[in-house]
Amino acid sequence: MKVYHAPGTRSIRILWLFEELGLPYELETFTLGSPDMRADEYLKIHPMGRVPALDDGEVTIFESGAIVEYVLAKYGDGALVPDQASPDFAAYLQWLHYAEGMLMPPVNTIVVEKFFLSEEQRNQVNIDRATKLLTRMLGAVEQRLADRDYLAGEFSGADIMSGHATIVADRLGADTSDKPNVVAYIARLKDRPALQAAYAAAE
């Protein structure tokens with residue numbers, strides 16, 4: 001399988017997933033914003049010219065959450081997903097999707113304002129509002145982790161999705177000063193050998 005990746009993007013989630021599962025993968029790395037991402041050949045794989053995308057022979061798929069679900073369903077052999085009969089299964093689905101539904105929208109605003117707009121174009125009101133919202137979104141993560149190490153029982157795909165988003169939120173300045181569970185969670189995730197291997201492969 002080939003993973004299309006660019007440093008500093010959500011595609012690190014897919015490398016992390018493959019490293020957790022011990023699955024081999026071929027990596028094609030773009031520089032973010034490279035014209036190669038808008039080339040006709042790549043637009044056939046991802047019509048928006050973004051990452052991540054996965055080429056699995058006759059199947060191509062994009063969107064990190066969809067790729068996580070696809071790989072776990074097809075190749076995970078039950079790993080990183082609670083059994084459907086488990087009370088953790090509904091929580092798994094919820095936190096799998098919390099990443100893109102709640103955490104990443106304010107992240108997107110902050111990233112665009114801080115890194116893609118010139119200083120003259122930047123709107124500090126938008127940055128402050130998004131940072132405040134992101135801090136609120138982490139409040140639910142803090143509450144969820146009050147009596148557990150991971151979001152849905154054992155470490156799962158939900159932690160790859162929302163855990164990554166939590167790491168990014170902290171890096172972008174969300175206030176975690178009153179969120180000890182989130183701080184400990186981030187440290188726990190960063191200590192995982194598979195995430196460290198993903199970061200090393202992504203450089």
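Just a few scattered comments:
- The number of residues in the stretch 46-56 that are surrounded by fewer than 17 Cβ atoms within 10 Å (Cβ to Cβ) and assigned to a loop (DSSP other than H, G, I, E, B) comes to 2.
- The residue of the stretch 74-116 that is surrounded by the most Cβ atoms within 10 Å (Cβ to Cβ), among those that are of a type in the set (F, W, Y) and out of contact with any helix residue (DSSP H, G or I) (no Cβ under 8 Å at 6 or more places or on another chain), is F89.
Each row is one residue, and each column tells you yes or no for (1) under 23 Å from E26 (Cβ atoms); (2) touching a Leu at 6+ places or on another chain (Cβ under 6 Å); (3) in a helix (DSSP H, G or I); (4) not β-branched (V, I, T).
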residue	(1), (2), (3), (4)
I167	no, no, yes, no
D170	no, no, yes, yes
G173	no, no, no, yes
S177	no, no, no, yes
N181	no, yes, yes, yes
I186	no, no, yes, no
A194	yes, no, yes, yes
A198	yes, yes, yes, yes
A201	yes, yes, yes, yes
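- Leading residue by the ranking (nearest to G173 (Cα to Cα)) among those in the stretch 117-127 that are surrounded by 12 or more Cβ atoms within 10 Å (Cβ to Cβ) and not polar (S, T, N, Q): I127
- Selection status of G139, assigned by TED's automatic domain parsing to the domain that holds P105, part of a loop (DSSP other than H, G, I, E, B) and touching a residue at least 40 places away in the same chain (Cβ under 8 Å): no
- A152 falls short on exactly one of the conditions (1) under 15 Å from the mean Cα position of the chain (by Cα); (2) buried (at least 22 other Cβ atoms within 10 Å of the Cβ), and that condition is (1).
- Options Y98, Y70; residue that is part of a helix (DSSP H, G or I), in the same structural domain as F155 (by TED's automatic domain parsing) and either of a type in the set (F, W, Y) or over 17 Å from the mean Cα position of the chain (by Cα) (or both): Y98
- All of (1) farther than 30 Å from R148 by Cβ; (2) touching a residue at least 60 places away in the same chain (Cβ under 8 Å) hold for D56 with one exception: (2).
- Taking the criterion of being part of a loop (DSSP other than H, G, I, E, B) and either farther than 15 Å from G8 by Cβ or not aliphatic (A, V, I, L, M) (or both), the residues of the stretch 20-45 that qualify are G22, L23, P24, Y25, F30, T31, G33, S34, A39, K44, I45.
- Residue tally, condition among the charged types (D, E, K, R) and in contact with a strand residue (DSSP E or B) (Cβ under 6 Å, 6 or more places away or on another chain), over the stretch 1-46: 3
- K179 passes every criterion in (1) charged (D, E, K, R); (2) closer than 23 Å to S64 by Cα; (3) in contact (Cβ under 8 Å) with a residue 24 or more places away in the chain apart from (2).
- Looking only at the stretch 28-45, and only at residues there that are out of contact with any Pro (no Cβ under 8 Å at 6 or more places or on another chain) and surrounded by 15 or more Cβ atoms within 10 Å (Cβ to Cβ), the one that is nearest to A79 (Cα to Cα): E28
The values are calculated or read from the model by the stated rules, or taken from the named source; none is laboratory data. Since this is a predicted model, take the numbers as computed values, not measurements. For neighbour counting, all protein chains shown are included, and Cβ atoms are generated from backbone atoms with ideal geometry for every residue, glycine included.
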